[in-house]
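Report on one structure; see the data block that follows.
The values are calculated or read from the model by the stated rules, or taken from the named source; none is laboratory data. Everything numeric in this text was worked out from a predicted model, so none of it was measured. Here the Cβ positions follow ideal geometry from the backbone for every residue, glycine too, while neighbour counts run over all protein chains shown. Ligands, DNA and RNA are excluded from the accessible area calculation, which covers all protein heavy atoms including side chains. Shrake-Rupley method; radii C 1.70, N 1.55, O 1.52, S 1.80 Å.
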Amino acid sequence: MIPMAFDYEVAESVDHAIDLLGQHGEDSKLLAGGHSLIPIMRLRLAAPTVLIDLGRLEELRYVRDGGDHLAIGAMTRHRDLLFNDLVKEHCGIVGWTAGLLGDPSVQHRGTLGGTLSHGDSSGDMPSVITALEGELTIKGPQGERTVEAADFFQDYMMTDLGEQEVVTEIRVPKLAPGTGWSYKKFSRRSQDWATVGVAAVVERSNGSIGSARIALTSMGATPIRAAAVEQALSGASPDAVAEASQSADEGTNPSSDDAASAEFRRHLARVFTQRAVEEALGR
Amino acid sequence: MTQAPERYMGNGIPRKEDPNLVTGKANWTDNIKLPGMVHMTMLRSPFARAKVTKLDVSAALERPGVVAAFTGADLAEEWPGGVPCAAVVTEEQKTPFFPPIVTDEVRHVGDVVAVVVASDRYAAQDALEFIEVDYEPLPAVVNMEDALKEGSPLVHEDFGTNECFTYTANVGNTDELFDRTDDPGDAGAEIRGPEVQGQGDTDEAFRRANVVIKERYIQQRLLPTAIEPRASVAYPDPGHDGYVIYTSTQVPHLAKIVISLATGIPENQIRVVAPDVGGGFGSKLNIYREEILAVVLAKRLGTPVKFVEDRSENYQATIHGRGQIQDVELAADSDGKILGMRVKLLDDMGAYLQLLTPVIAISGAAMFPGVYTFDAFSIEIKGVFTNLTPTDAYRGAGRPEACYAIERAMDSLARELDMDPAEIRRRNFYEPFDEPTANPAGLMYDSFNLQAALDRAVELADYQSLREEQRRRREANDPVQLGIGFSTYTEICGLGPSHALAGLGIGGGGWEVASVRMLVTGKVEVATGTSPHGQGHETSWSQIAADVLGVTPDDVEVLHGDTGTVPFGRDTYGSRSLAVGGIAVYHAANKVIEKGKKIAAHMLEAAEEDIEFEGGKFSVAGSPDQNVGIGDVAGAAYLGNDLPEGMEPTLNETMTFDPPNFTFPFGAHICVTEVDTETGAVKIRDYIAVDDCGPVINPTIVDGQLHGGLAQGIAQALYEGVIYDEEGNLLTASMVNYMIPGAPELPNYTLDRTVTPSPSNPLGVKGVGEAGTIGAPPAVINSVVDALSPMGIRHIDMPASPMRVWKAIQNAQGLQSGDRQEDASLGASAAGIKQGGDA
Ligand SMILES: Cc1cc2nc3c(=O)[nH]c(=O)nc-3n(C[C@H](O)[C@H](O)[C@H](O)COP(=O)(O)OP(=O)(O)OC[C@H]3O[C@@H](n4cnc5c(N)ncnc54)[C@H](O)[C@@H]3O)c2cc1C
């Protein structure tokens, strides 16, 4: 549990961080909250020779009203999101979920940009941003680009990020009144990663379900949309939820580990999809 | 003085230890920095069993900061004794030589292959990667039942078997009782030790039985997880021959002896200090190869050597707890009265024998009958070597295993007879008693009143309304079902009468020492042989001494944990400290008063028989104005210029207390769970614990012991479990996947007490350190099984994780519809199930 030796650089700006990434090459890594990176370095599963610390980039720590969306700086801490009024008013699922990540000390250090860039499909935020159909702004030597969450997560711990790129901002839509949400997280202990998680964003229309967007945590290499359930619920009556949820695990590829067998994960995905959609409908 | 003297015993005064602990002023071993100090780090085996075919440390020596690197062959002459095991439980017991560094074969993941010493911990860690080592992996033994099969790979080939010992205690014919012809039993087998005896005619009991319960329970391996991992600093004693070792241990006095035996360094040239110790839970009731190595390297290198393990090392190389397969049979008549009990255990030793490994199960053997009185009892225990980390004492050490077996079996019996689980317990309780009374295994229980404890728990739980709610939920087919689980337990504490410990196979030495000194300024020093590591002895011993001496606890300083300050002691484990060490303090303080009376009589020119002592003053009976304070008496004793003829100066009394019997705290626990039948999640809604540890010296400390113990007991029942794969790799190698519950997982406890003094000591105290880990696991599992019993579920192994509960429900539903479903994907972790881990 002692990492290999490494050098440490402080990024003064996003452009400086990009330069430093260029200078130090592929053995360098950006350091945000350090709450995913440092643990894997301590286990010597990663051994970067240089860490480039984004920790002082206050300009990446914000939540702004972008009209139809909220813009969140990549270095915004989970704890900031938990108590942010704009988030509470327009996209409550983000703040709620931030409060479920680990424990308060994890929430004080960890960042939204960090948890998305890490690309761990058992992270809670990747599914939430996926269910919200959010976007990431990424900056590199060639300038800025935008990528949809669905395209950003490519494989287990693999994202669309290039070697010299930095995530700068995350955009999530403001949820219209009448749109309910829920994030259900099942874990052995409150501070554990999700055995299974379900993010649901459900639009109501005239007593029935307009549309539902559902993304699953820990059910495969990336966050996975429960497409079959979404389809079955589109325009359906709330009575259809229980039955529709039975196909929540379609198209997933969960693994087996100490916490749950693949079979149990599939079962949990069905149970919690139903519970999440029902809660969203009531919210 | 007119004011009545304050009595401190019985008051929850704040712990004296806490201000330093909560303001970061504690003296942890890792805080110790000495001039010239170097750090040692172990190269540990990644294989459970392998031959070391090549080993070359020379490249590591070239690395920056590296001071030295050694193989086992380099140092073998430094440890003629190896790492000693103090327990011999049968004459045939096989005790392997346990070298601090192996020379040929590694026997568990984490076994030590080489050691690197460097200027700092980081340099040492980095240099490990430059040691050249080749292994030839061999098939590993990871499962006790497989280990005993013909043709199994052998952990120690020269023994020709993986059986470490077979211990039996049995009189009479338990087998006929059960009327099982397939089982020849052990009738007439030798009885070892005076403590564990099968009694009565067990065969007869089982023949007469109307009901026989026959079950298999698994005690999974557990990681003790003290918050402070192991740490040591050893250095040559400046200006003396010999060595000092600061080490995070529960047992500095035992360590002094064991390090001497291991290294051949004379015992009087070793000083062991346990500074502030951040928990032990039994895991630091041991003397480890690393502690021996630190001393050996300090000797070789002539400089201070520090060792600090990290959490992954802690999980691989500090002892594990539990690890039993229990086959339990109970015979009863149709009224639910127990007639007899038969127990067969397989007990997992791991790869080597640590200090007490073989005796852990044996020390619990006589506790299987629990709080129930019946005639016939027999037990057989087989110790089994596996290629896993050695096991040893973990909070409860033998008793949680015993308690779980009988308490689970009692619930099964109740279900079989369709009786209320509280009622079946009452029918088998002893009538309340306060004089030693034999249990079915020949142990003399000291004093019981189970009825009072259970009545109180039932009242606190509002038991009848709980059953009502349970009925409603069952009728409504609520997905969340309610469970109510009982456990009525006793534990054996106050380790122990020396002759009884000899009978257990650990030689003896159950006494404890205390010295009480009145200083010339009237202050008091209490030197105790106990070695607290979280239990608050500084506070409790101060309360005892203050009450006897008529001073305040603030006047008392408690010295402990240093063999240079307290030369004799038997340290802290087995809930022994108060009932043995605290009593020694009490007696030594009374000896001070006895001598003080002689001096006071001389000073007051009165007869010794006329001197009374109260509230810190010696006075002449009938004329309270004629008095002298204990401080003045201490001053006179110290100056020594006007003492009674022939009296030795100073008020400095020592007492070595060897208890006449153990103590047996007991209690009744009720666990109320809500079980989500859709997800398998178990939530503890309420936990009621009524414990009886005799009179309480400090109620705050006692409650704290219960909270922590209950948390660890609940942890065993629902969360924790070591998982190995089939190759013997430790999968739960960090806190990420070893499931220690935190505050959010645990309920608010409802605690209460009854008080039944022990006749084993003058204060009547019993001990409370392990009550929670003993009482809780069966209460929790009984509760979960109770919730699910309408589905036909009879048992769920620990830890009852959501997946296990869900699986049990799936199987039960499958059984009901006649088509039992096996979850194929569970096969992957079957090794965990087989040797007692999670699945
Ligand atoms: C005890 C504990 C419990 C936890 N529990 C949970 C949980 O329940 N659920 C959960 O989802 N997470 C959990 N986490 C993870 C936590 O949320 C992390 O903070 C988060 O996953 C990573 O964020 P970070 O800011 O710490 O990133 P870091 O660890 O600093 O970085 C993670 C990776 O992202 C890269 N990176 C960081 N920022 C950027 C950026 N702006 N642009 C490009 N690349 C970047 C880094 O180079 C690194 O590879 C837990 C962590 C701990 C230690």
- Given the candidates B:255, B:285, A:16, the one whose Cα lies deepest towards the positive end of the charge dipole of the protein assembly as shown, counting +1 at each Lys or Arg C-beta and -1 at each Asp or Glu C-beta, is A:16
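Over all residues in A:263-272, what is the mean tally of Cβ atoms on other chains that come within 10 Å of each residue's Cβ?
5
So between residue A:44 and residue A:208, what do we pick up on full extension, going 0.36 nm a residue minus the alpha carbon distance?
Contour length minus the Cα-Cα distance gives 53.9 nm.
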- Message: Using only the heavy atoms of the protein chains and a 1.4 Å probe, how would A:137, B:103 rank by accessible area, largest first?
- Response: B:103, A:137
- Message: Using a 1.4 Å probe on the protein heavy atoms only, what accessible surface does residue B:334 show? Give it in Å² to the nearest 10.
- Response: 70
- Please work out how much accessible surface residue B:493 shows to a 1.4 Å probe, ignoring ligands, DNA and RNA, in Å² rounded to 10. 0
- Over chain B, what number does the Rg to Rh ratio reach, with both radii from the alpha-carbon atoms and Rh per Kirkwood? 0.99
- Query: What size of dipole, in debye to the nearest 20, comes out for chain B about its Cα centre when the only charges are +1 on Lys and Arg C-beta atoms and -1 on Asp and Glu C-beta atoms?
  - Reply: 940
- Task: Could you rank B:806, A:96 by how accessible they are, 1.4 Å probe, largest area first?
- Result: A:96, B:806
- Candidate residues B:486, B:70: accessible-area rank, largest first, probe 1.4 Å: B:70, B:486
- Task: Within region B:17-58, find all residues whose amide N lies under 13 Å from a label point positioned 7 Å from the Cα of residue B:134 along Cα-to-beta-carbon.
- Result: B:51-56
- Message: Nothing charged except the Cβ atoms of Lys and Arg (+1) and of Asp and Glu (-1): what's the magnitude of the dipole of region B:511-657 about its Cα centre? Round to the nearest 20 debye.
- Response: 460
- Query: For residue A:88, which lysines qualify as cross-link partners when the Cα separation must be under 25 Å and same-chain residues fewer than eight apart are set aside?
  - Reply: A:174, A:184, A:185
- Message: Please list, by residue number, everything in region A:30-67 whose backbone N is under 20 Å from a paramagnetic label point 7 Å out along Cα→Cβ of residue A:163.
- Response: A:30-31, A:46-53
- Stretched out fully, how many nm does the piece from residue B:480 to residue B:737 gain, at 0.36 nm a residue minus the Cα gap? 89.8 nm
- Message: Using a 10 Å cut-off around each Cβ of peptide A:34-42, what is the average number of partner chain Cβ atoms that fall inside?
- Response: 1
- Can you spot the aspartates and glutamates whose alpha carbon is less than 13 Å from residue B:306's alpha carbon? Ignore those fewer than 8 places along the same chain. B:30, B:120, B:290, B:291
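Is any helix in chain B, taking whole DSSP H runs, at least 30 angstrom long along its axis by alpha carbon and on average at least -1.0 on the Kyte-Doolittle scale, and which ones? Walk me through the intermediate numbers first.
On the way: long enough: B:583-604 (31 Å, 0.27).
Going by DSSP H runs, the hits are B:583-604.
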- Item | Longest DSSP-loop-exposure-free segment, trypsin sites (Lys or Arg not before Pro), chain B, at most 11 other Cβ within 10 Å | B:150-839
- Query: About its Cα centre, how strong a charge dipole does the protein assembly as shown have in debye, to the nearest 20, once Lys and Arg get +1 and Asp and Glu get -1 at the Cβ?
  - Reply: 1040
- Item | Probe 1.4 Å - accessible area at residue A:144, Å² to nearest ten | 130
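Go through A:29/B:54; B:94/B:337; B:523/B:591; B:617/B:766; B:16/B:683 and tell me which ones have a Cα-Cα distance over 28 Å in this structure.
Working: A:29/B:54 37 Å; B:94/B:337 40 Å; B:523/B:591 17 Å; B:617/B:766 30 Å; B:16/B:683 36 Å.
The answer is A:29/B:54; B:94/B:337; B:617/B:766; B:16/B:683.
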- Those trypsin sites (Lys or Arg not before Pro) from region A:1-94 that are DSSP loop and have at most 15 other Cβ neighbours within 10 Å turn out to be A:44, A:56
- Message: Return the Rg/Rh ratio of chain A with Cα-based radii and a Kirkwood Rh.
- Response: 0.98
- Add -39500 (n - 2.57) for each DSSP H run of 4 or more in chain A, then divide by its residues: what number comes out at 222 nm, to the nearest 500 deg cm²/dmol? -8500 deg cm²/dmol
- Longest to shortest principal axis, alpha-carbon extents of the protein assembly as shown, angstrom: 100, 73, 71
- Report, to the nearest 10°, how far helix A:262-281 tilts away from the longest principal axis of the Cα atoms in chain A, using its own Cα long axis and a range of 0 to 90°. 70
